[in-house]
Amino acid sequence: MDEKNIPIRTYQVCNVLEPNQNNWLRTDWIPRSGAQRVYVEVKFTLRDCNSLPGVTGTCKETFNLYYHESNEDRESYIKESSFIKVDTVAADESFTQVDVGDRIMKLNTEVRDVKVTTRKGFYLAFQDVGACIALVSVRVFYKTCPLTVRNLATFPDTVTGADTSSLVEVRGSCVNQSEEREEPKMYCGADGEWLVPIGGCLCSPGYQEKSGTCKACSAGFYKARSSDAGCSKCPPHSHSLRDGATVCDCHSGFFRADSDPPSMACTQPPSAPQQLISVVNETSVVLEWSPPRRLGGRSDTSYSLECLICQTGSHSQTGGKLCLPCGSDVLFSPGQAGLKTTRVVVSELRAHTHYTFIVHARNGVSQASGAAGSAQSVSVTVTTNQAAPSPVSYIQATDVTRHSLSLAWQQPDRPNGVILEYEVKFYEKDQRERSYRIMRTFSRSVDVTGLNPLTVYVFHVRARTAAGYGEFSTPFEFSTNSDPFPLIGEGVNSAFLLLSVSGVGILLLISAAVFIISRRRSKYSKTKQDSEEEKHLNPGVKIYVDPFTYEDPDQAIHEFAKEIDVSSIHIERVIGMGEFGEVCSGRLRAQGKREIYVAIKSLKAGYSDKQRRDFLSEASIMGQFDHPNIIRLEGVVTRCKPLMIITEYMENGSLDAFLRKHDGQFTVIQLVGMLRGVASGMKYLSDMSYVHRDLAARNILVNSNLVCKVSDFGLSRVLEDDPEAAYTTRIPIRWTAPEAISYRKFTTASDVWSYGIVMWEVVSYGERPYWDMNNQDVIKAIEEGYRLPAPMDCPVVLHQLMLDCWERDRAERPTFSQILNMLDKLIRNPGTLRLSPPTCLLSPSPWSVCVWLQSIGLERYRDTLAAAGYTSLDNSLSLIAFISAKKTKQKQNRVSFGGEKIQTPTVLCGVIVAQT
Ligand code: ACK
């Protein structure tokens with residue numbers, strides 16, 4: 001009987017009085033059905049041995065559970081030893097005689113599990129070893145993780161793994177109308193529980209999730225992407241008629257641009273621009289209009305301009321006139337199409353001409369709507385006025401002598417009337433536009449006479465009509481021929497001799513005195529400075545390759561410079577004139593790089609092969625360098641015209657002009673910082689055995705951070721090509737070392753000389769070296785030992801460094817490496833940049849000869865002069881007055897003395913020394 005008094009069948013044994021019991025009960029074959037671990041639940045009752053008298057030693061209170069795996073479903077006999085023991089099972093509760101009397105059923109339930117993986121099925125067996133036991137039921141089962149849906153993925157009913165700790169990885173499949181977001185996976189644990197859901201699915205476009213399934217969006221709603229949260233209401237001016245819409249259709253008359261998202265309302269093209277007004281100014285027209293009344297619900301309205309020249313005929317928008325498009329030479333500012341503003345200046349129009357301008361308004365749906373252009377446009381017709389002539393585009397020198405130049409030019413492209421006369425403006429290039437002359441002529445040519453020989457002149461021409469003067473042409477440079485009296489060697493012009501004797505004789509005295517008084521020894525090592533020699537000194541250092549050693553110049557350019565696609569260059573404005581054509585600034589957007597500002601040098605049309613080669617050689621040279629103080633080459637355009645050289649853009653332009661513009665505005669440390677940059681760039685060039693030959697402040701460019709970079713790599717080739725170059729104006733005399741002028745010995749040491757001149761230019765804020773002395777006088781003076789005095793407020797150490805750079809013997813000059821070290825030391829110890837050395841501060845009077853000598857860099861003669869009794873300038877004033885009178889024609893320089901400017905004092909010093 002069970003607990004409810006219902007009779008049940010049991011297997012019983014109770015041989016508790018006899019020892020050595022071994023009674024077996026075996027099940028039928030049980031198929032495994034894919035299970036790997038089975039559970040055996042046994043229900044039984046067990047008699048308490050204590051409640052049985054006289055059974056001590058033979059009575060047991062446990063039985064054993066065994067199993068045997070087999071493919072055979074009808075094994076009749078299985079050996080005992082074939083069974084594997086699962087466990088010895090004890091009762092939690094046993095019963096006594098009293099319980100039996102009370103008919104209390106104390107049923108035990110025990111569960112054991114066992115791994116069955118090797119055969120198709122198994123047998124179970126129960127061994128009794130002498131207990132009083134009744135087996136009520138045996139239930140055998142296995143566990144599965146039940147079919148489930150998680151994250152819109154279905155996971156099937158899954159049998160658990162073989163071990164109690166094993167997890168079975170299960171891949172889910174997306175429910176209907178859904179798509180995989182990330183592979184859906186889950187793990188089935190040994191106890192039949194699902195664990196760790198990963199990934200999942202999303203309802204497809206047009207469907208949204210509802211209780212683990214995907215349901216279609218109803219009419220009036222849409223869902224565009226599976227990742228959208230749910231169905232949304234159709235945006236304004238659109239609808240969906242059927243369930244499951246992925247996008248809503250626009251109402252008739254409304255449109256969606258390709259780039260519009262489905263969530264955006266449907267929109268319309270704009271109406272026509274309004275109130276178009278035009279103001280004509282000679283050959284320019286300013287057009288202004290108001291935005292369209294209806295923008296169609298969008299904010300991307302843009303305008304484009306059509307320009308037509310109209311005569312009589314027929315055109316719908318132009319009131320029956322025959323119209324042709326304006327030529328490509330008409331300029332539109334800020335542009336002709338894609339305009340966001342409502343104002344355009346149209347220039348370069350023809351004078352006295354009827355123009356019709358049509359302004360079209362469009363937006364993102366104009367194309368989709370297929371609206372005719374005229375539907376959204378407004379037009380105006382204007383007539384241009386009188387205009388001044390356009391600039392003369394080209395000037396040619398037809399004849400050149402020592403004192404004259406014959407020039408000719410073409411009529412301007414657009415004379416805009418009858419040309420009444422031409423005006424020619426010209427000046428010496430060295431003078432810039434400080435003093436210029438004007439000539440007028442009715443013809444397209446002029447003979448300019450009375451010019452200095454061997455001098456570069458700059459010419460501009462402009463035309464005049466009844467409407468007034470046009471703009472001057474860009475500058476054109478021409479040089480007069482060389483002087484028959486050579487500057488160096490052979491004969492000397494008698495007038496020049498006379499001048500030299502009277503004006504520069506004193507300088508001879510200085511050099512004699514300088515030689516006698518003290519022959520200062522150089523503190524720099526006598527390093528050989530020729531580039532040839534330096535190559536041997538720097539083994540392993542990259543050496544610059546002269547592009548002229550290539551037979552094919554294009555091979556050199558493509559080896560050292562990158563070809564740039566012209567479409568990636570956007571030219572913005574002209575910033576100056578270079579040797580071969582305009583220099584412009586603009587932007588470059590190289591593929592995959594951010595847009596940068598660049599300078600663009602172009603080679604003007606009509607060039608010769610040699611000019612092309614010369615122009616591109618600069619890029620071939622520049623392309624070999626990579627240094628923060630050397631102008632960086634971005635690339636070249638050689639595959640289309642005009643040829644261009646693209647370099648980094650330097651916002652502050654050339655150093656000399658920049659310093660003149662900011663006269664006196666920098667600290668000494670800032671100036672030394674700029675010089676340091678130049679020295680660093682020059683050291684790099686000299687390490688590469690490159691000799692610049694044209695180092696001057698005008699060839700240094702300055703960026704917005706005041707970083708100075710060496711540029712202009714064009715001069716070396718000119719001198720290479722031209723054996724007479726040393727005697728032509730191409731040599732920048734004031735910047736060039738004497739040995740380079742007299743026998744073309746250009747070396748790094750001659751670059752060091754030029755560097756000294758750059759130092760002087762920088763400290764004097766762009767003053768012209770040797771002021772307005774002419775080239776012949778400069779050469780003579782240098783020959784005689786004259787050197788530029790210290791500029792105003794120049795620290796003594798800096799002037800001393802300049803003097804060292806100007807050593808006559810080039811082996812005595814410092815190297816760029818030494819200059820760089822020196823400047824670095826000065827920057828680290830700004831105290832050394834004092835204006836005067838301490839010795840002079842001790843001097844009782846500021847008017848001491850000591851201070852004066854220091855200010856002109858000749859303090860080394862202090863003791864000599866003191867010994868001769870010249871300790872105060874008071875007792876030297878008669879000499880000053882005498883020399884000043886002789887020098888009245890000379891321009892006042894920037895040498896200061898006692899707070900006042902005085903005339904060039906080196907000459908004065910020479911006289912004192914001579915007298916001493
Ligand atoms: O003194 P600037 O303004 O500086 O005028 C000249 C002019 O072009 C003719 O050479 C300027 N220039 C040349 N190269 C560059 C550059 N890379 N960045 C800015 N300006 C430049 C120079």
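Within segment 185-206, residues that are within 23 Å of residue 142 (Cβ to Cβ) have Cβ atoms under 7 Å from residues that are aromatic (Phe, Trp, Tyr) and modelled with pLDDT of 95 or more in these pairs: 186/155; 194/155, counting only partners at least 6 apart in sequence or on another chain. Condition (residue is under 30 Å from residue 354 (Cβ atoms) and modelled with pLDDT of 90 or more) applied to segment 445-464: is it met by at least one residue? Yes, segment 445-464 has at least one match. When the residues of segment 362-383 are filtered to those that are at pLDDT below 85 and assigned to a loop (DSSP other than H, G, I, E, B), the one that is nearest to residue 260 (Cα to Cα) is 370. Note on segment 633-668: residues that are over 18 Å from residue 562 (Cβ atoms), over 18 Å from the mean Cα position of the chain (by Cα) and aliphatic (A, V, I, L, M) amount to 4.
Looking only at residues in segment 569-601 that are modelled with pLDDT under 85 and among the small types (Gly, Ala, Ser), which one is nearest to the ligand (Cβ to nearest atom)? This residue is 576. Kindly indicate whether any position in segment 647-665 is touching a His at 6+ places or on another chain (Cβ under 8 Å) and more than 16 Å from the ligand (Cβ to nearest atom). Within segment 647-665, not a single residue is touching a His at 6+ places or on another chain (Cβ under 8 Å) and more than 16 Å from the ligand (Cβ to nearest atom). Within segment 271-295, residues that are within 19 Å of residue 361 (Cα to Cα) and of a type in the set (A, V, I, L, M) reach partners that are modelled with pLDDT under 90 and not in a strand (DSSP E or B) with beta carbons closer than 8 Å, at six or more positions or on different chains, in the pairs 272/375; 272/376. Would you say residue 694 is in a loop (DSSP other than H, G, I, E, B), within 16 Å of the ligand (Cβ to nearest atom) and either touching a residue at least 60 places away in the same chain (Cβ under 8 Å) or within 24 Å of residue 823 (Cβ to Cβ) (or both)? Yes, satisfied.
Among the numbered conditions (1) in a loop (DSSP other than H, G, I, E, B); (2) of a type outside the set (Val, Ile, Thr); (3) modelled with pLDDT of 95 or more, the only one that residue 34 does not meet is (3).
If you filter segment 805-836 down to residues that are in a loop (DSSP other than H, G, I, E, B) and surrounded by 15 or more Cβ atoms within 10 Å (Cβ to Cβ), you find that the one that is modelled with the lowest pLDDT is 836. When residue 640 is tested against (1) of a type in the set (A, V, I, L, M, F, W, C); (2) near the ligand (Cβ under 10 Å from one of its atoms); (3) more than 20 Å from residue 823 (Cα to Cα), just one condition goes unmet, and that condition is (2). Quick check: anything in segment 674-681 within 11 Å of the ligand (Cβ to nearest atom) and either closer than 26 Å to residue 795 by Cβ or not in a helix (DSSP H, G or I) (or both)? No.
Each row is one residue, and each column tells you yes or no for (1) more than 22 Å from residue 131 (Cβ to Cβ); (2) surrounded by 12 or more Cβ atoms within 10 Å (Cβ to Cβ); (3) in contact with a strand residue (DSSP E or B) (Cβ under 7 Å, 6 or more places away or on another chain).
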position: 6; (1), (2), (3): yes, no, no
position: 20; (1), (2), (3): no, no, no
position: 27; (1), (2), (3): no, yes, yes
position: 44; (1), (2), (3): no, yes, yes
position: 50; (1), (2), (3): no, yes, no
position: 76; (1), (2), (3): yes, no, no
position: 108; (1), (2), (3): no, yes, yes
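Summed over segment 606-637, the residues that are within 12 Å of the ligand (Cβ to nearest atom) and closer than 22 Å to residue 695 by Cβ give a count of 6.
When segment 232-286 is filtered for residues that are farther than 30 Å from residue 379 by Cβ and of a type in the set (Val, Ile, Thr), the ones remaining, listed by number, are 246, 247. Scanning segment 765-788 for residues that are over 16 Å from residue 806 (Cβ atoms) and in a helix (DSSP H, G or I) turns up 775, 776, 777.
Against the definition (under 53 Å from the mean Cα position of the chain (by Cα) and surrounded by 14 or more Cβ atoms within 10 Å (Cβ to Cβ)), how does residue 132 come out, yes or no? It is false that residue 132 is under 53 Å from the mean Cα position of the chain (by Cα) and surrounded by 14 or more Cβ atoms within 10 Å (Cβ to Cβ).
The residues of segment 235-270 that are touching a residue at least 60 places away in the same chain (Cβ under 8 Å), within 12 Å of residue 369 (Cα to Cα) and surrounded by fewer than 15 Cβ atoms within 10 Å (Cβ to Cβ) amount to a single one, 258.
Residues of segment 575-589 that are without any contact (Cβ under 8 Å) to a residue 60 or more places away in the chain and either surrounded by fewer than 17 Cβ atoms within 10 Å (Cβ to Cβ) or basic (Lys, Arg) (or both): 587, 589.
With the structure loaded, tell me whether residue 392 is hydrophobic (A, V, I, L, M, F, W, C), assigned to a strand (DSSP E or B) and farther than 30 Å from residue 770 by Cβ or whether it fails that test. Considered against the rule, which asks whether it is hydrophobic (A, V, I, L, M, F, W, C), assigned to a strand (DSSP E or B) and farther than 30 Å from residue 770 by Cβ, residue 392 comes out as no.
The values are calculated or read from the model by the stated rules, or taken from the named source; none is laboratory data. Everything quoted here is computed from the prediction, not taken from an experiment. Note: ideal-geometry Cβ built from the backbone for every residue, glycine included; neighbour counts use all protein chains shown.
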